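Report on the following structure.
The values are calculated or read from the model by the stated rules, or taken from the named source; none is laboratory data. Just so you know, these numbers come straight off a predicted model, no measurement behind them. Virtual Cβ from ideal backbone geometry, glycine too; neighbours counted across all protein chains shown. Remember, those area values only see protein heavy atoms, side chains included, never the ligands or the DNA or RNA. Shrake-Rupley method; radii C 1.70, N 1.55, O 1.52, S 1.80 Å.
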Amino acid sequence: MWRDPQDTVIYVGKAKNLKNRLSSYFSGKKDIKTRLLISSAKSIEYITTANEYEAFLLENNLIKKYSPKYNINLKDGKSYPSLRITKEEFPRLFKTRNILHDGSTYFGPYPDATALDTFIETLYQIYPLRHCKKFVKKDSPCLYYHMGQCKAPCCGKISKESYNEFFGEISDLLKENSDETSKKLTAKMKEAAAALNFEKAARLRDGLRALMIMQNQNIVESFDAEDRDYIAHYREGELVSFTVLKIRNGKLLGRDNHRVTSLNEDDELISEFMNAYYTSKEEVPPKIFVPHEYGLEMVKRRLKEILEIEPNVIEVSQDMSQRDLAAMQMAQQNAKEDIIRRLRERGDLPALQELKDILGLKNLPIRIEGFDIAHIGGKFPVASLISFYNGNPDKKNYRYFRLKTTDGYIDDFQSMREATSRRYTRLLNEQSELPDLILIDGGIGQVNAVDQVLKSLNLDIPIAGLAKRDEEIWLPNAEKPVCLPKRSDALRLLQRVRDETHRFATSRNQRLRTKENVVSIFLEIPGIGEKRARTLTKHFTTLENMCSADESAVAELLHVRSDEATDILIHAKQLLEKRNERKEQQMQSLKSAGTTWQKAAEAQYIEDLAQEALMAAEKTPNYGE
């Protein structure tokens, strides 16, 4: 929602990626309407929904509510269509935009009217439902009966109970209990395809696709016309944000965000907030949903005494249906988004100040750089470097290092030395800005290793290590760690930096492993390309099997001369020798590393077996499945 200086909503839109959508307004040449919109806007407010389907409905509701100046579509009186099942002795179903409170059952609304039409058409293909608009008893059935598309309830050809079983299945289907009906649709589609009736199979296929659209979660709009509030909160340290989703006449018409600062326990916050939020009788809906029971009796007494609301008029409830639970999750997600904005807006200065005082730093740690190591049994060792500026991630300054000195064996201390020496040697050579604090993911050993590197470079940069087990903070050459309260802003900031370093290192290590596993070892042999590598993999599976084969077998398989086959085998045996030497070095390094060498060696052996099994599996006919 774009707002002007008078806080009036002037435009409502939706986006899967908010950053990309907003960037599009400020790039390239724009029409006059877009230029006027940008010049008139002062602030932007956004609401996060669970899926695109809810975003469509919420966009429609907000445009109807605010009638924004720069919106063109959806400003008329029309609404999205719904599926209606009439309340009759023999019901029928159809698409409608008019909601009548006559006992009929409604599902939707559905932004994709075409998908709804396809879905209804598919239901008529599967279920023999009546097509006539008005039910009139007859002596002879109509053409739909003879075509097998209606059971002719008007002629007594089917009982009321049997006919209504169809609508029970349809209701279950639209209430996300759709396994049986989905199987029925799939079976009929396959049956039609087997009978070469491809037009019918295509219709059923489209019906299955439409079914997925029909079953999207929707807490934004319902047909019960009930007023209710959903209250949730999220906190980071002392910062707490409350979000209230306000459902009026069955529609979500917006949400309220309220920001507070509190050190109270979570279960005390809800009752305190409700006491402050509801100030008049008119503001209180019939139902309020909250995540905690604590203090609710006190809230009810207050509502009765001060606002004169009887206990049977308002219900503060935690007994939630699936819809209500989804609404609470949406409220909590929006509260979390607001906390992220608050941290970004204030720059997390309280955490930086607390960190400065606790660690005895000379300057405020505006720039924090974090390091972590990731590897699998010594393979693919990677060091991550992430940067936080003013308490928030500065992703343009993220780096990673493919480690060279510890490739093949485990030594986290040496890995830290290599990563930090490469980083800060370069910064010195380039005379670039140095960080105010270095955070190491690890304990005293890793911290001391980095301290040695900085001393050798004559750098005076504060260092701290955060150990995962007890969240202890280690300083260089310290005899005991610094322990902070769980609610400490400084600890929360260090945890954010540490978790980000771990995520970044692990993701890079996984990409390297994936790349290694999908590249055939045969491609390292000179003269072997993609096609020949696939042929060798299919026939020999492993490099060892190929090296034990005769040159005549290789020549025949690859359709090459005998001298060329001999060269290929020579290079393959050299590659195998290097591979075995590297494994032997890894085992020796693991033995000298300490008591864990045997487990690591076993893990390496299991990994090799798994790799060979994967390559063997590629030869099976159903490997793709």
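Results, tabulated for the structure shown:
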| item | result |
| --- | --- |
| Anisotropy class of the range 416-517 from Cα gyration tensor, a/c 1.5 cut | oblate |
| Exceeding the 25 Å Cα-Cα cut-off - candidates Lys19/Lys396; Lys69/Lys395; Lys16/Lys336 | Lys69/Lys395 |
| Accessible area of the range 423-496 belonging to carbon and sulfur atoms, whole % at 1.4 Å probe | 45 |
| Accessible surface, 1.4 Å probe, highest first, among residues His559, His258 | His559, His258 |
| Inter-label distance, nm, simple model (7 Å from Cα along the C-beta direction), Lys184/Lys137 | 2.8 |
| Surface accessible to a 1.4 Å probe, Tyr278 within the full protein complex, Å² | 0 |
| Per-residue SASA entry for Cys483, accessible area with 1.4 Å probe, Å² rounded to 10 | 90 |
| Estimated FRET transfer efficiency when R0 is 22 angstrom, pair Glu238-Asp499 (beta carbons, to 0.05) | 0.65 |
| Shape category assigned to the range 92-155 from the gyration tensor of Cα positions, a/c cut at 1.5 | oblate |
| Thr186, Thr406, ranked by accessible area, largest first (probe 1.4 Å) | Thr186, Thr406 |
| Rounded to whole Hz, the Karplus (6.51, -1.76, 1.60) HN-Hα couplings of the range 41-56, x for glycine and proline | 7, 10, 8, 10, 10, 9, 10, 8, 10, 7, 7, 5, 4, 5, 5, 4 |
| Within the accessible area of the range 68-120 (1.4 Å probe), percent carbon and sulfur | 47 |
| Length added when fully stretched, Gln574-Phe223, from 0.36 nm per residue minus Cα-Cα | 119.0 nm |
| 14 Å reach of a label modelled at Tyr389, 7 Å along Cα-to-Cβ, counting backbone N of the range 337-369 | 347, 366-369 |
| Solvent-accessible area of Leu428 with every protein chain in place, 1.4 Å probe, in Å² to the nearest 10 | 70 |
| Separation of alpha-carbon centers, the range 227-263 and the range 478-509, rounded to whole Å | 29 |
| Asn264/Glu564 FRET efficiency (R0 60 Å; Cβ-Cβ; nearest 0.05) | 0.15 |
| Sequence of Glu337, Glu121 from largest to smallest accessible area, 1.4 Å probe | Glu121, Glu337 |
| Nearest-0.05 FRET efficiency for Arg323 and Glu297, computed from C-beta distance (R0 30 Å) | 0.70 |
| Accessible area (Å², per residue) of the range 380-449, counting only protein heavy atoms and a probe of 1.4 Å | 44 |
| Fully extended contour minus Cα-Cα distance, from Lys95 to Ile44, at 0.36 nm per residue | 14.8 nm |
| Relative packing of peptides 364-373, 83-92 - highest average C-beta neighbours within 10 Å first | 364-373, 83-92 |
